[in-house]
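Notes for the one structure printed next.
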Amino acid sequence: MNALEVKNLKKTFGSVKAVDDISFQVPEGSVFGLIGRNGAGKTTTIRMLMNIYIPDSGEVILRGAPVTEEFKQKVGYLPEERGLYKKMNVWDTLMFFAEVKGRSGKEIESRANEYLKRFQLIDRKTSKIQDLSKGNQQKIQFIATILHDPDFLILDEPFSGLDPINTDLLRQIIIDLKNQGKVIIFSTHLMDFAERMCDQIALIDKGKIILSGALSSIKAEYGNRNVNLAYNGDISFLKNHPIVEKVQDFGNTTEITVREEFQTQALLKLLIENNVMVRRFNANDISLQEIFIKLVGDNNNAVQREEVRNV
Amino acid sequence: MFNFRTKAVIKRELKEKILSKTFILMTLLLPLFMIGLLAFNTFLFFYTGEDSAKLIIISESPELTSGLQKDFSKLPIVMNGKYQITFETEPKSKIQGEIENRKKDLLDNKITGVVFIPQTALKDKKIEYYSKSPSNNSLFEKIKGTINQALVDNYFLGRQLSNEDIEYARNSVNFNGFRISSDNKIEETTAGAMIISKLFAFLLYFSLMFIGMMMMRSVVEEKNTKIVEILLSSVNSKEMMIGKIVGTALTGLLQMAIWILPIVLLITSSLFVIPQEYMPTVTLGQMIYFLINYFVGLITFLGLFATVGSIFDNDQDAQSGIWPIMMLIMIPFFISFAVGENPDSMLAKITSLLPFSSIIVMPARMSLVEIPIWQFVVSVIVNVATMLAIFPFAGKIYRIGILLTGKKPQWSEVIKWLRF
């Protein structure tokens with residue numbers, strides 16, 4: 001069952017096709033990644049999901065019915081560029097953002113207290129936003145996004161600017177929300193992050209969806225002939241070896257593509273024979289990053305698309 | 001009337017604006033400032049008026065000199081010693097010499113001036129004044145009446161005229177203005193009417209500017225800090241705009257009500273006592289009209305200020321983009337002063353019924369002349385119609401503008417947004 005279905009969305013600004021016939025499905029209870037480069041059309045798509053922009057054509061179906069203004073009550077949106085009223089205090093800020101979603105009262109207040117405790121901000125209730133550190137402001141922003149208990153969460157680069165401890169805390173909360181059956185949509189251009197968090201993805205480039213589906217099946221499809229390797233030693237001899245098509249170094253891991261699917265065994269043997277210490281050898285695995293580069297990088301030199309000004 | 005989203009925005013605006021230090025200070029300080037200005041004016045008036053002077057008054061005949069002496073001795077400023085006057089009788093031929101002798105004293109300000117009344121003055125009333133600063137109007141004002149009296153007395157001396165006739169001739173013309181209204185009461189126009197007219201114009205001008213700029217800055221801030229993006233995931237641009245405008249307009253209304261409260265108390269109660277001639281000539285009905293007119297005008301202008309704010313993403317650009325709107329407030333403000341001179345001129349009548357200008361000109365006019373009810377009705381209808389006509393356009397520009405960042409848009413682009 002799909003929680004959200006996007007059908008043939010189109011949006012043009014002047015002569016620029018920001019979103020050009022986009023369709024994808026977000027299954028119930030999934031973490032969905034909308035990935036693409038800066039200016040690919042992610043934000044425009046998200047704005048259409050939430051009725052901020054009215055699409056030129058196409059529709060967004062929410063649990064079987066087209067979205068209306070009421071969808072806004074069920075959604076929590078954390079945009080990449082954050083903003084809070086600097087002179088408001090923490091508590092008023094949280095209450096205001098709940099109130100515009102139609103939520104107020106005891107229940108919301110206790111939820112707010114709970115989250116403030118969890119983020120260790122309970123003693124900052126009466127502080128003005130401008131007196132908080134950037135990281136703390138971000139935490140308040142996140143609480144404001146989820147305080148009204150939304151069914152849908154749309155998070156645009158939620159971890160940027162957070163320290164490792166808070167990143168972990170945030171991830172824990174996101175996983176909790178997923179387990180509660182919330183639909184979570186990530187928009188990001190960070191592939192390794194999308195890879196770790198998402199189970200469904202849609203890859204958007206130049207306003208078009210160029211790949212979508214379950215991450216596992218996409219990886220399986222693109223992953224044969226591919227080996228994900230972690231090692232100690234020297235593998236430069238592979239560069240011109242007849243069974244190897246391509247070696248790509250990503251720092252921590254190296255992706256090796258062999259010419260034929262059955263050659264992965266031969267590759268492992270080759271590595272051992274050459275005294276390379278193999279720490280990890282993942283056959284038929286490919287990183288999202290590589291898929292992304294493969295699909296998007298190919299036509300990189302095509303005519304540069306005029307970027308939509310307001311995204 | 002409003003849905004919960006709009007209400008939440010209104011509530012936030014009210015809380016933020018009313019509790020802001022600027023607002024509280026402005027609301028309390030402006031009346032104090034106005035009272036202070038009035039007091040300062042009065043002080044200046046008395047201060048320059050009570051300046052002391054040492055004068056020498058020379059006439060050509062002893063009769064005139066004694067007449068002058070007699071009349072000046074009754075003048076309050078002479079009696080209280082502020083003006084010290086010595087009287088001399090010299091023929092015209094010796095005047096140049098006299099001046100020459102006293103040149104040093106005149107230059108050192110030991111003597112303020114020498115007044116010479118030649119014999120010919122009995123025919124043409126032309127007198128001469130020698131001083132370091134010869135165009136001293138306030139001094140002339142104080143002494144010319146008395147000199148005139150002495151001349152008149154001297155002129156009629158020995159003729160068969162009654163004291164009444166002389167008394168009549170001595171007095172100069174004194175204007176008393178009377179205001180005519182349809183309820184057949186002929187009232188004297190008072191300084192109060194003029195003050196209230198200027199006060200209304202000033203309050204409207206100041207408040208529309210102040211609240212308008214506050215609105216614009218708040219829209220620019222929301223754009224600048226990217227709060228709009230989050231807000232728009234909860235409310236639509238229309239709800240947001242209405243919420244902000246209503247919240248801000250209520251703040252303005254509260255402020256204006258506080259500002260005019262002293263006037264309302266003055267005309268409805270006997271709490272304050274002020275001289276009759278400073279009594280404002282407005283009725284309670286006019287005060288209510290004033291507030292309604294202000295509220296409608298404020299909403300109209302807030303719509304315009306918010307729209308301009310939405311076009312720009314920083315204060316500097318917005319400031320430079322706002323001038324056409326500011327003109328709509330400033331020009332009527334200046335017209336209202338011209339209206340003070342002649343509240344029944346064609347200019348006054350027309351501008352008190354035109355969109356935008358009527359908001360300031362009509363209240364400035366209504367305390368000076370009686371305005372037929374139909375004109376009030378027309379002005380309200382015109383203002384409400386203007387307000388209703390503006391919002392569809394303002395709303396469209398606002399909707400597009402608030403999400404747009406980056407390069408400053410051209411006006412031609414903004415006009416294109418109307419078609420989206």
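General remarks:
- Which listed residue, of B:Lys123, B:Lys110, is part of a helix (DSSP H, G or I), touching a helix residue (DSSP H, G or I) at 6+ places or on another chain (Cβ under 9 Å) and surrounded by fewer than 11 Cβ atoms within 10 Å (Cβ to Cβ): B:Lys123
- Selection status of A:Ile143, β-branched (Val, Ile, Thr) and either within 11 Å of chain B (Cβ to nearest Cβ) or in contact (Cβ under 8 Å) with a residue 24 or more places away in the chain (or both): yes
- Residue within region B:84-97 that is at pLDDT below 80 and over 19 Å from B:Arg170 (Cα atoms) present: no
- Members of region B:397-419 found to be facing another protein chain (nearest Cβ under 10 Å) and either of a type in the set (Lys, Arg) or surrounded by fewer than 11 Cβ atoms within 10 Å (Cβ to Cβ) (or both), listed by number: B:Arg399, B:Gly406, B:Lys407, B:Lys416
- From B:Ser320, B:Ser358, residue being hydroxyl-bearing (Ser, Thr, Tyr) and more than 30 Å from B:Glu229 (Cα to Cα): B:Ser358
- Within region A:21-44, considering residues that are within 14 Å of chain B (Cβ to nearest Cβ) and among the β-branched types (Val, Ile, Thr), the one nearest to the chain's Cα centre (by Cα): A:Thr43
- Those residues of region A:126-151 which are closer than 23 Å to A:Asp168 by Cβ, in contact with a strand residue (DSSP E or B) (Cβ under 9 Å, 6 or more places away or on another chain) and among the β-branched types (Val, Ile, Thr), in sequence order: A:Thr145, A:Ile146
- The set of residues in region B:48-99 that are touching a residue at least 60 places away in the same chain (Cβ under 8 Å) and in contact with a Gly (Cβ under 8 Å, 6 or more places away or on another chain) comprises B:Ala53, B:Leu55.
- Failed criterion for A:Glu290 (all others in (1) within 30 Å of A:Met197 (Cβ to Cβ); (2) acidic (Asp, Glu); (3) part of a loop (DSSP other than H, G, I, E, B) hold): (3)
- If you filter region B:25-49 down to residues that are touching a helix residue (DSSP H, G or I) at 6+ places or on another chain (Cβ under 7 Å) and at pLDDT below 60, you find that the one that is surrounded by the most Cβ atoms within 10 Å (Cβ to Cβ) is B:Gly49.
- Identity of the residue in region B:378-394, touching a residue at least 40 places away in the same chain (Cβ under 8 Å) and surrounded by 17 or more Cβ atoms within 10 Å (Cβ to Cβ), that ends up farthest from B:Lys244 (Cα to Cα): B:Ser379
- So A:Ser212, is it closer than 21 Å to A:Lys86 by Cα, more than 14 Å from chain B (Cβ to nearest Cβ) and not basic (Lys, Arg): no
- Every pair of residues 6+ apart whose Cβ atoms lie under 6 Å, when the first sits in region B:216-241 and is more than 9 Å from chain A (Cβ to nearest Cβ) and within 17 Å of B:Lys11 (Cα to Cα) while the second is small (Gly, Ala, Ser) and surrounded by 20 or more Cβ atoms within 10 Å (Cβ to Cβ): B:Val219/B:Ala306; B:Val219/B:Gly309; B:Val219/B:Ser310
- Candidates B:Ser367, B:Ser357 - the one that is without any contact (Cβ under 8 Å) to a residue 60 or more places away in the chain, in the same structural domain as B:Ile299 (by TED's automatic domain parsing) and closer than 19 Å to B:Asn293 by Cα: B:Ser357
- For A:Asp205, the conditions (1) under 18 Å from A:Phe250 (Cβ atoms); (2) acidic (Asp, Glu); (3) buried (at least 18 other Cβ atoms within 10 Å of the Cβ) are fulfilled apart from (1).
- Total residues in region A:270-286, condition part of a strand (DSSP E or B), in contact with a helix residue (DSSP H, G or I) (Cβ under 7 Å, 6 or more places away or on another chain) and not β-branched (Val, Ile, Thr): 2
- Some residue of region A:90-107 being in contact with a Phe, Trp or Tyr (Cβ under 7 Å, 6 or more places away or on another chain), in the same structural domain as A:Ile210 (by TED's automatic domain parsing) and not small (Gly, Ala, Ser): yes
- Only residues that are at pLDDT below 85 and loosely packed, with under 12 Cβ neighbours inside 10 Å were counted in region B:51-83, giving 7.
- Count of residues meeting criterion [within 17 Å of B:Leu404 (Cα to Cα), β-branched (Val, Ile, Thr) and part of a helix (DSSP H, G or I)] in region B:206-261: 5
- So A:Ile35, is it among the hydrophobic types (A, V, I, L, M, F, W, C), under 25 Å from A:Glu290 (Cα atoms) and in contact with a Cys (Cβ under 9 Å, 6 or more places away or on another chain): yes
- Residue under evaluation A:Leu62, criteria (1) within 9 Å of another protein chain (Cβ to nearest Cβ); (2) buried (at least 20 other Cβ atoms within 10 Å of the Cβ), criterion not met: (1)
- If you go through region B:126-137 and keep only what is outside any loop (DSSP other than H, G, I, E, B) and out of contact with any helix residue (DSSP H, G or I) (no Cβ under 6 Å at 6 or more places or on another chain), you end up with B:Glu128, B:Tyr129, B:Ser131, B:Asn137.
- B:Lys82 more than 18 Å from B:Lys144 (Cα to Cα), assigned by TED's automatic domain parsing to the domain that holds B:Arg170 and not β-branched (Val, Ile, Thr): no
Listed here are the residues, each with its yes/no results for (1) at pLDDT below 90; (2) touching an Asp or Glu at 6+ places or on another chain (Cβ under 8 Å); (3) surrounded by fewer than 19 Cβ atoms within 10 Å (Cβ to Cβ).
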{"site": "B:Asp317", "(1), (2), (3)": "yes, no, yes"}
{"site": "B:Pro332", "(1), (2), (3)": "no, no, no"}
{"site": "B:Ser336", "(1), (2), (3)": "yes, no, no"}
{"site": "B:Asn342", "(1), (2), (3)": "yes, no, yes"}
{"site": "B:Pro355", "(1), (2), (3)": "no, no, yes"}
{"site": "B:Ile360", "(1), (2), (3)": "no, no, no"}
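- Strands (runs of 3 or more DSSP E) (entirely within region A:162-256) containing at least 1 residues that are without any contact (Cβ under 8 Å) to a residue 60 or more places away in the chain: A:208-214, A:226-232, A:244-249
The values are calculated or read from the model by the stated rules, or taken from the named source; none is laboratory data. What you see is a predicted model, and the numbers here were worked out from it, not measured in a lab. Every residue, glycine among them, receives a Cβ derived from its backbone with ideal geometry; neighbour counts consider all protein chains shown.
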